[in-house]
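Undergrad: Below you'll find the structure I mean.
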Amino acid sequence: MELDKARDGSRLGLSQALTLVENGLPFSTEEEGRVIGITGAPGVGKSCLVDKLAQAYARNGEKVAILAIDPSSPISGGALLGDRLRMESADLEDLVYMRSVATRGETGAVPSVVADMVAVLKECGWKRVIIETVGSGQAEFRIAAVADTIVLVEAPGMGDAIQSEKAGIIELVDIIVVNKSDLAGADATAANIISALSAGSKNIPVKQVSSHTGDGITYLVQAIDEVADSGISRTKWQERLASQWMRKMSHHTNLDSILDELESSQISIQEAILLLEA
Amino acid sequence: MWLLCGDIMATPLRIVIAKPGLDGHDRGAKIVARALRDAGHEVIYTGLRRTPEQIVRTVIDEDAQFLGLSSLSGAHAHLFPRVCKLLQEADVGHIIVFGGGIIPAADRPELFEAGIKAIFGPGTSSTQINDFITTAAARNDAGCGAESDWHWGD
């Protein structure tokens, strides 16, 4: 019922449908859309960049939905979702829908329900979706399970973050943004990244952008569309498959009893896998 | 970890903490936001200087069950009832609204009348706020649009 209201364009209906899916109701859609994943270390300006991107799409008359992910506390289960602080546009435009999502006990930077939440948005006419990841942790690459285009955000003065990220996310990244281009050192940071990338085989565009002044946003919007037109890579398909596999496991009806048996050494890991596949 | 998942995913309440109007004193709002997070809720903090219209949109987009308004500038008498009225007009009178900040006792009856269900001043413990949240969540007449004169405390 919520979904019917949401399909008719009700924001409240959409929000309620998203809640149902977030709480575990599976959803998928045949509707197409373009999903952009924004990732990068804390403090590089992801939220501000998402805000500027959303404004740019809205100015072109395009509807855009934002899912901003923040971590849940592993102790209390609660979460402080503060991305709205830096997203003024979300409060201004009818063309912008913004929703904060807590990771709720999942270790990844992108909880597996996000894929289904994106499906709800597409189904309800929000074809352009921006996902902002948590920004830390080893599982940033989970964004590949949902995003068609992955933008890695870097900033001057943050150290050579790319070195540590090379092995994980870099194989999946489509565009690298050097944010805060209005600050000193942005040119050097961009040059460092370009030289580090030149060792690899993949040709990743590096764009300088300032979320503060708005410089470079138009070029970034263009670059995102160009990348999206070129299709989804094999490595991304692999991530999608892995993510769905993981989800299948965590939603398995016998997961609890299988874990019990593992704990009491009644079965081996191999036997547990067979049970999960059954 | 996966075992925990089920418990956590049960139903964390979603609570928006908002600062309407022009005052920039956000320490109280941030402390309340943190206390609610530590009690296991998902708290969405809006940041400073939001209009009643922006706050209502945020509450709807986030599908929140609770809205906490903080004001220390004396504008509560105008802003709090305005937010309640807009929520009712937007068909989300089920949302439970509470307020905090510097709210003189003489102003409170009017705010309760407008649909605010609790007002917390300086010195409030986080236990009191959490007790209110638990109590209000269990009632079916605590929404800002409910035909009921129930409110927290006296």
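Undergrad: Which of the numbered conditions does B:Val92 fail, given that it passes all the others? Conditions: (1) open to solvent by less than 30 Å² (accessible area, probe 1.4 Å); (2) under 22 Å from B:Gly21 (Cβ atoms); (3) not in a loop (DSSP other than H, G, I, E, B).
TA: With respect to (1) open to solvent by less than 30 Å² (accessible area, probe 1.4 Å); (2) under 22 Å from B:Gly21 (Cβ atoms); (3) not in a loop (DSSP other than H, G, I, E, B), B:Val92 is out only on (3).
Undergrad: Another question, if that's okay. Go through the residues of segment B:63-82 one by one and say whether even a single one is more than 23 Å from B:Gly153 (Cβ to Cβ) and aliphatic (A, V, I, L, M).
TA: Looking through segment B:63-82, none of the residues is more than 23 Å from B:Gly153 (Cβ to Cβ) and aliphatic (A, V, I, L, M).
Undergrad: With (1) surrounded by 12 or more Cβ atoms within 10 Å (Cβ to Cβ); (2) in a helix (DSSP H, G or I); (3) modelled with pLDDT of 85 or more as the list, and A:Ala196 as the residue in question, which single condition is left unmet?
TA: Going through the list (1) surrounded by 12 or more Cβ atoms within 10 Å (Cβ to Cβ); (2) in a helix (DSSP H, G or I); (3) modelled with pLDDT of 85 or more, A:Ala196 breaks only (3).
Undergrad: Name the one entry in A:Ser201, A:Ser211 that is out of contact with any helix residue (DSSP H, G or I) (no Cβ under 7 Å at 6 or more places or on another chain) and either at pLDDT below 85 or under 23 Å from A:Lys46 (Cα atoms) (or both).
TA: Working: A:Ser211 fails: out of contact with any helix residue (DSSP H, G or I) (no Cβ under 7 Å at 6 or more places or on another chain).
Going through A:Ser201, A:Ser211 in turn, just one is out of contact with any helix residue (DSSP H, G or I) (no Cβ under 7 Å at 6 or more places or on another chain) and either at pLDDT below 85 or under 23 Å from A:Lys46 (Cα atoms) (or both): A:Ser201.
Undergrad: Something else about it: Being at pLDDT below 85 and out of contact with any Leu (no Cβ under 9 Å at 6 or more places or on another chain) is the filter; apply it to segment A:219-236 and report the residue that is surrounded by the fewest Cβ atoms within 10 Å (Cβ to Cβ). Reasoning before the result, please.
TA: So the first thing to find is which residues in segment A:219-236 are at pLDDT below 85, and the list is A:228-236.
From what's left, out of contact with any Leu (no Cβ under 9 Å at 6 or more places or on another chain): A:228-232, A:234.
On the way: A:Ala228: 15, A:Asp229: 9, A:Ser230: 9, A:Gly231: 8, A:Ile232: 13, A:Arg234: 6.
The residue in question is A:Arg234.
Undergrad: Say we look at segment B:41-85 and pick out the residues that are in a loop (DSSP other than H, G, I, E, B) and among the aliphatic types (A, V, I, L, M); which of these is least open to solvent (accessible area, probe 1.4 Å)? Talk me through it step by step, then tell me what you get.
TA: To start, the set of residues in segment B:41-85 that are in a loop (DSSP other than H, G, I, E, B) comprises B:41, B:46-49, B:51, B:62-65, B:72-75.
Remaining after also requiring among the aliphatic types (A, V, I, L, M): B:48, B:64, B:72, B:75.
Numbers: B:Leu48: 47, B:Ala64: 2, B:Leu72: 68, B:Ala75: 33 Å².
Filtering segment B:41-85 for residues that are in a loop (DSSP other than H, G, I, E, B) and among the aliphatic types (A, V, I, L, M), the one least open to solvent (accessible area, probe 1.4 Å) comes out as B:Ala64.
Undergrad: Among residues belonging to segment B:18-40 that are open to solvent by less than 30 Å² (accessible area, probe 1.4 Å), outside any helix (DSSP H, G or I) and modelled with pLDDT of 90 or more, point out the one that is farthest from the other protein chains (Cβ to nearest Cβ).
TA: Pass one, segment B:18-40, residues open to solvent by less than 30 Å² (accessible area, probe 1.4 Å): B:18-21, B:23, B:29, B:33, B:35-36, B:40.
Still in the running and outside any helix (DSSP H, G or I): B:18-21, B:23, B:40.
This time we only want the ones that are modelled with pLDDT of 90 or more, so: B:18-20, B:40.
Working: B:Ala18: 10, B:Lys19: 10, B:Pro20: 12, B:Gly40: 5 Å.
Among those that are open to solvent by less than 30 Å² (accessible area, probe 1.4 Å), outside any helix (DSSP H, G or I) and modelled with pLDDT of 90 or more, it is B:Pro20.
Undergrad: With a cut-off of at least 1 residues that are within 23 Å of A:Ser250 (Cβ to Cβ) and open to solvent by less than 20 Å² (accessible area, probe 1.4 Å), name the helices (runs of 4 or more DSSP H) lying wholly within segment A:6-123.
TA: Numbers: elements: A:11-22, A:46-59, A:113-123.
Of the helices (runs of 4 or more DSSP H) lying wholly inside segment A:6-123, those with at least 1 residues that are within 23 Å of A:Ser250 (Cβ to Cβ) and open to solvent by less than 20 Å² (accessible area, probe 1.4 Å) span A:11-22, A:113-123.
Undergrad: Looking at (1) buried (at least 17 other Cβ atoms within 10 Å of the Cβ); (2) touching a Ser or Thr at 6+ places or on another chain (Cβ under 7 Å), which one does B:Ala114 not meet, given that it meets all the others?
TA: (2)
Undergrad: Considering segment B:127-152 alone, what residues qualify as being open to solvent by less than 70 Å² (accessible area, probe 1.4 Å) and out of contact with any helix residue (DSSP H, G or I) (no Cβ under 8 Å at 6 or more places or on another chain)? Reasoning before the result, please.
TA: First pass over segment B:127-152, keeping only residues open to solvent by less than 70 Å² (accessible area, probe 1.4 Å): B:129-130, B:132-133, B:135-137, B:141-146, B:148, B:150-151.
The answer is B:Phe132, B:Thr135, B:Ala136, B:Ala137, B:Asp141, B:Gly143, B:Ala146, B:Ser148, B:Trp150.
Undergrad: Please determine whether any residue of segment A:177-193 is open to solvent by less than 80 Å² (accessible area, probe 1.4 Å), hydrophobic (A, V, I, L, M, F, W, C) and not in a helix (DSSP H, G or I). Even if it seems obvious, please write down each step before you answer.
TA: If we filter segment A:177-193 for residues that are open to solvent by less than 80 Å² (accessible area, probe 1.4 Å), which is where we start, we get A:177-182, A:185-186, A:188-191, A:193.
Then keep just the ones that are hydrophobic (A, V, I, L, M, F, W, C); that gives A:177-178, A:186, A:188, A:190-191, A:193.
When the remaining residues are screened for being not in a helix (DSSP H, G or I), the result is A:177-178.
The answer is yes, given that some residue of segment A:177-193 is open to solvent by less than 80 Å² (accessible area, probe 1.4 Å), hydrophobic (A, V, I, L, M, F, W, C) and not in a helix (DSSP H, G or I).
Undergrad: Within the bounds of segment A:227-235, is there any residue that is at negative phi and touching a strand residue (DSSP E or B) at 6+ places or on another chain (Cβ under 6 Å)?
TA: Within segment A:227-235, the subset at negative phi is A:227-230, A:232-235.
Next, from what is left, pick out any that are touching a strand residue (DSSP E or B) at 6+ places or on another chain (Cβ under 6 Å): A:227-228.
Checked segment A:227-235: at least one residue is at negative phi and touching a strand residue (DSSP E or B) at 6+ places or on another chain (Cβ under 6 Å).
Undergrad: Pairs under 9 Å by beta carbon, first residue of a type in the set (S, T, N, Q) in segment A:259-277, partner assigned to a helix (DSSP H, G or I), six or more apart or different chains?
TA: Listed pairs, sorted by first residue: A:Gln266/A:Asp260; A:Ser268/A:Leu262.
Undergrad: State whether the residues of segment B:126-134 include one that is in a loop (DSSP other than H, G, I, E, B) and either of a type in the set (S, T, N, Q) or under 17 Å from B:Ile15 (Cα atoms) (or both). Spell out how you get there, then give the answer.
TA: Narrowing segment B:126-134 to residues in a loop (DSSP other than H, G, I, E, B): none.
No: segment B:126-134 contains no residue that is in a loop (DSSP other than H, G, I, E, B) and either of a type in the set (S, T, N, Q) or under 17 Å from B:Ile15 (Cα atoms) (or both).
Undergrad: Look at segment A:15-62 and say how many of its residues are more than 24 Å from B:Gly47 (Cα to Cα), among the aliphatic types (A, V, I, L, M) and within 14 Å of another protein chain (Cβ to nearest Cβ).
TA: Result for segment A:15-62: 4.
Undergrad: Now a separate question. Would you call B:Pro12 more than 19 Å from B:Ala118 (Cβ to Cβ), open to solvent by less than 50 Å² (accessible area, probe 1.4 Å) and either at pLDDT 90 or above or more than 10 Å from chain A (Cβ to nearest Cβ) (or both)? Before you say what the answer is, go through the steps one by one.
TA: Details: more than 19 Å from B:Ala118 (Cβ to Cβ): yes; open to solvent by less than 50 Å² (accessible area, probe 1.4 Å): yes; either at pLDDT 90 or above or more than 10 Å from chain A (Cβ to nearest Cβ) (or both): yes.
The answer is yes for B:Pro12.
The values are calculated or read from the model by the stated rules, or taken from the named source; none is laboratory data. The model shown is predicted, which means the values in this text are computed figures rather than measured ones. Virtual Cβ from ideal backbone geometry, glycine too; neighbours counted across all protein chains shown. SASA here: full protein model, heavy atoms, side chains in, ligands and nucleic acids out. Shrake-Rupley method; radii C 1.70, N 1.55, O 1.52, S 1.80 Å.
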